[in-house]
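Enquirer: Sharing a structure with you now.
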Amino acid sequence: MQGSAQSNVKELNGRAAQRGELLQLVSFHVDGEEFGLDILQVQEIIRVQQLTRVPNSPDFVDGVINLRGKVIPVVSLRKRFGLQQAAQDKQSRIVVVEVNANVLGFMVDSVSEVLRIPVETVEPPPRLTKVDREYVSGVGKLDNRLLIMLDLDRLMTMAEESSVMKAAAASAS
Amino acid sequence: MTDDYLQDPALMQEFLIESEELLQGMDQDMVALESTPSDADRLNRVFRALHTIKGTSGFLGFEPVVQVSHRAEDVLNLLRKNELQLTPRIMDALLRARDQLGVMLGDIRDSNTTTYDLSELLAELVTVQSAAVVTTVETPKAMAMAAAAGATNLPTLPQPAPLAINQIPASPPALPPLPLEAPAREPVASQTPTAASPARASSVAAVAEVPGKPAADTSMHTLRVDARKLDDLINLIGELVLERNRLMQLSRSFSGNKFDGQKMAEDLSLSTTRLSFITEELQTAGLKTRMVPIETVFRKFPRMVRDVSQALGKEVDLEVNGQDTELDKSMVEMIGDPLVHLVRNSLDHGVERTDVREAAGKSRRGKISLNANQQGDQIIITIADNGAGIDPDRIGRKAVEKGLVTPEHLRTLSKREILDFIFLPGFSTAATVTDISGRGVGMDVVRTNISRLNGVVEIDSNLGEGTTLRLRLPLTVAILPVLLVEVRNEAYALPLRSVQETRQVVRKEIHRIESMEVLQLRDGTLPLLRLSRLLGLPDSEESEGGGQRAVILHVGEKRLALLVDRLLGQESTVVKPLSAYLLRCPGLAGATISGDGHVRLVLDPTGLLKTASMSSAAMKAAVGSTR
């Protein structure tokens, strides 16, 4: 519940600004872009472990992993954003988040650090990023870096819808 | 003030759970009271239960509940003081009050704001008090008591909820009918106790199911656990923490300079032994917290048997044993409906009418015994009646008629195998054993539901002596025996209950009928499906050379052969749900975690069959369009 409340960065901005707070973000890289996730949404960050492929699953689901006895799906952000595939390396991590009361992992190229940025520097999403604007809740500026802040609720809700539509299309054909 | 309480969901939840339990207990006690009206303990228990419900609902402001429980309490109070004798009419009125309470509590839980027409029920509850006094002709004091009870609240009773009581006018006919939206009831007031017609009893039976069903809903997420079980669990967790400390100590001394390899190895092996012991214990203790006595299911049967046998005009005694046998909570929730079906079946088709029984030289009253016990890791539930039994010849004839078996084959079957036909769909006992029409739910549904719990149903019957149905259930649904198979170097688990056999397949046994592959077996041809294709994987290399394994699955009445690369063996695993994002993947039942911590997918044979038939239909359509 807390996760979804915090996911709305705009709302968070509003509250944080009133108290003159900084936003705490976990930053990670996918295909050269730097992304930020509200730290309260991130449950943990783990190394890549052996994935079990799930047949007939939506194509952006890389597979499932065992997270201390819980089976959670891992979503490839590259596939989700329709970016070029890349092999996993030592830097690859799985960011475990909770979205809409579901725990899931995001496969990312690397996780860099926890950042604090002043809320005033967050701006509405620009038009030109590799990621669809719908999933972006804002862009944070830090020195000369740009952090794309993801709206996980929308990212996964739309993911669900698209997978349903695909399934429907498959059964119709 | 009251509104604040109403908004406290925890308090409401507690009230609803408690009331539900009390009502169920009342059912049992009230039916028992019918045969032993002088049992003061039971009477007091029913009285106290009603009193508690009245008190709490008054406190929470549920006036209709207070009204009904208050009137019923008046009647019980007179019974308790031996100033009134229990007649069938009084019992019917009390049971109706109890059912009404169940309906109202159900509506409260579902937040339905319904208004009830209680005037007739309340009037009946008042009338039975005075009516009984007239028939028993007791002391004038009893008269006065009854009158007092009818008029106002009894001075002896503590009244935590005075708000509702005085709103009921003293004389029954003057009660204002409230707007009616609740289920309509037949007028009962005019009926005499002797005219206890089946129609009326059956209406009671029908109503009785209403409070029964939501009961499962409330209990879905909450569970009362014996504190001793939790103590065991916490104790074991303490042990686990100790063991972790030992391991940390070991790891520290390992990283330090001074370590003795020999001693280290010994300590480590000792520690891991203890750890595996603790985790096993912990697993058992954890499962035990989910175990509840089967009594929660059995409790509703005395009432049900009473109502149904009354409706059918039969006299039936119910004997219940082994109520404290424990099984998994989810299991308890799921066996309720199949059991109700089986007991109803025994009442309806098993036990004969009184005259038939006497003509056959049997005791006048029929008997149904319900028994539960644990044998190893299985729970056995038996439902036995001493009724007419099932004629195997008749079942056999019917099976031949329906083309399920040839007359020659029939002769080779044992009695048990013949009786087993009644579990086939469309083979309802109603149509075969008696002439009473079926209820639309066959024994096949019972068998399907039980096998969904990884259990089995067996039947045994002696003509003229009775029928026994035996349910064998695993202790818990969480643990599933599976067959591990491998395709393209990935292991998958198949529920063992769907596996009939496995066999080596050579290429020449695989034939092609139109676009479908089939496997030739000794007793026929089966559709052959390649697991790799079902899972959207490329065909296995060996597939051309043959030498693969086929798993023969039976899904309902269908059989099919599933081609896999290798068999890896059997295992008992804990099935975990897949994430909500993956729920729409067909053919998957869940996931398990293998010994080395990897996730293995559990396949769902029914879903696989569905995907297969969909793709074959698509294939056929494609073939048809090219022609």
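Enquirer: Condition first: within 9 Å of chain A (Cβ to nearest Cβ) and modelled with pLDDT under 70. Now tell me which residues in region B:608-626 satisfy that.
Expert: Within region B:608-626, B:614, B:618 meet the criteria.
Enquirer: A follow-up question, please. Which number in (1) under 13 Å from residue B:493 (Cβ atoms); (2) at the interface with chain A (Cβ under 9 Å from one of its Cβ atoms); (3) out of contact with any Gly (no Cβ under 7 Å at 6 or more places or on another chain) marks the one condition that residue B:572 misses?
Expert: With respect to (1) under 13 Å from residue B:493 (Cβ atoms); (2) at the interface with chain A (Cβ under 9 Å from one of its Cβ atoms); (3) out of contact with any Gly (no Cβ under 7 Å at 6 or more places or on another chain), residue B:572 is out only on (2).
Enquirer: Can you name every residue in region A:65-119 that is more than 13 Å from the chain's Cα centre (by Cα), away from chain B (no Cβ under 14 Å) and among the basic types (Lys, Arg)?
Expert: Scanning region A:65-119 gives A:90, A:116.
Enquirer: Still on this structure, I have one more. From B:605, B:586, which residue is within 23 Å of residue B:538 (Cα to Cα), at the interface with chain A (Cβ under 9 Å from one of its Cβ atoms) and of a type outside the set (A, V, I, L, M)?
Expert: After applying the criteria, what remains is B:586.
Enquirer: Inside region B:49-101, can you point out the residues that are among the β-branched types (Val, Ile, Thr), more than 27 Å from the chain's Cα centre (by Cα) and assigned to a helix (DSSP H, G or I)?
Expert: B:52, B:56, B:65, B:66, B:68, B:75, B:90
Enquirer: Only residues that are of a type in the set (D, E, K, R) and either at pLDDT 85 or above or assigned to a strand (DSSP E or B) (or both): list them for region A:140-153, please.
Expert: Of everything in region A:140-153, those that are of a type in the set (D, E, K, R) and either at pLDDT 85 or above or assigned to a strand (DSSP E or B) (or both) turn out to be A:141, A:145.
Enquirer: Here is a further query. For residues in region B:553-569 being without any contact (Cβ under 8 Å) to a residue 60 or more places away in the chain and of a type in the set (A, V, I, L, M), which is nearest to the other protein chains (Cβ to nearest Cβ)?
Expert: Taking the candidates together, the pick is B:563.
Enquirer: Could you figure out which of (1) without any contact (Cβ under 8 Å) to a residue 60 or more places away in the chain; (2) within 24 Å of residue B:479 (Cα to Cα); (3) of a type in the set (D, E, K, R); (4) assigned to a helix (DSSP H, G or I) isn't true of residue B:266?
Expert: With respect to (1) without any contact (Cβ under 8 Å) to a residue 60 or more places away in the chain; (2) within 24 Å of residue B:479 (Cα to Cα); (3) of a type in the set (D, E, K, R); (4) assigned to a helix (DSSP H, G or I), residue B:266 is out only on (2).
Enquirer: In region B:21-38, what residues are in contact with a Leu (Cβ under 7 Å, 6 or more places away or on another chain) and at pLDDT 80 or above?
Expert: Once the filter is applied, which keeps residues that are in contact with a Leu (Cβ under 7 Å, 6 or more places away or on another chain) and at pLDDT 80 or above, region B:21-38 yields B:23, B:30, B:33.
Enquirer: Could you please find all residues in region B:590-602 being of a type in the set (A, V, I, L, M) and either in contact with a Phe, Trp or Tyr (Cβ under 8 Å, 6 or more places away or on another chain) or more than 9 Å from chain A (Cβ to nearest Cβ) (or both)?
Expert: Matches in region B:590-602: B:601, B:602.
Enquirer: May I pose another question? Could you give every pair whose Cβ atoms fall below 7 Å, whose first residue belongs to region B:56-78 and is assigned by TED's automatic domain parsing to the domain that holds residue B:92 and more than 20 Å from residue B:107 (Cα to Cα), and whose second residue is charged (D, E, K, R) and part of a helix (DSSP H, G or I), counting only separations of at least 6 or pairs across chains?
Expert: B:73/B:54
Enquirer: Out of curiosity, is residue A:12 touching a Leu at 6+ places or on another chain (Cβ under 9 Å) and modelled with pLDDT of 80 or more?
Expert: The answer is no for residue A:12.
Enquirer: Let me ask something additional. Count, please, the residues in region A:31-52 that happen to be more than 29 Å from residue B:590 (Cβ to Cβ), assigned to a loop (DSSP other than H, G, I, E, B) and among the hydrophobic types (A, V, I, L, M, F, W, C).
Expert: Result for region A:31-52: 0.
Enquirer: Only one of A:107, A:156 is touching a helix residue (DSSP H, G or I) at 6+ places or on another chain (Cβ under 8 Å) and modelled with pLDDT of 85 or more. Can you tell me which?
Expert: A:107
Enquirer: What residue, of B:343, B:308, B:320, is surrounded by 21 or more Cβ atoms within 10 Å (Cβ to Cβ), free of Cβ contacts under 8 Å to residues at least 60 places away in the same chain and of a type in the set (A, V, I, L, M)?
Expert: Answer to the selection: B:343.
Enquirer: So, one more: Only one of these is surrounded by fewer than 21 Cβ atoms within 10 Å (Cβ to Cβ), within 24 Å of residue B:479 (Cβ to Cβ) and touching a helix residue (DSSP H, G or I) at 6+ places or on another chain (Cβ under 7 Å): B:376, B:336. Name it.
Expert: Sole residue among the options that is surrounded by fewer than 21 Cβ atoms within 10 Å (Cβ to Cβ), within 24 Å of residue B:479 (Cβ to Cβ) and touching a helix residue (DSSP H, G or I) at 6+ places or on another chain (Cβ under 7 Å): B:336.
Enquirer: On the basis of being within 16 Å of the chain's Cα centre (by Cα), within 7 Å of another protein chain (Cβ to nearest Cβ) and closer than 13 Å to residue B:591 by Cα, does residue A:55 make the cut?
Expert: No.
Enquirer: Anything in region B:10-28 that is crowded, with 19+ Cβ neighbours inside 10 Å and under 24 Å from residue B:319 (Cβ atoms)? List them, or say none.
Expert: B:23, B:24, B:26, B:27, B:28
The values are calculated or read from the model by the stated rules, or taken from the named source; none is laboratory data. What you see is a predicted model, and the numbers here were worked out from it, not measured in a lab. Cβ: placed from backbone, ideal geometry, glycine included. Neighbour counts: every protein chain shown.
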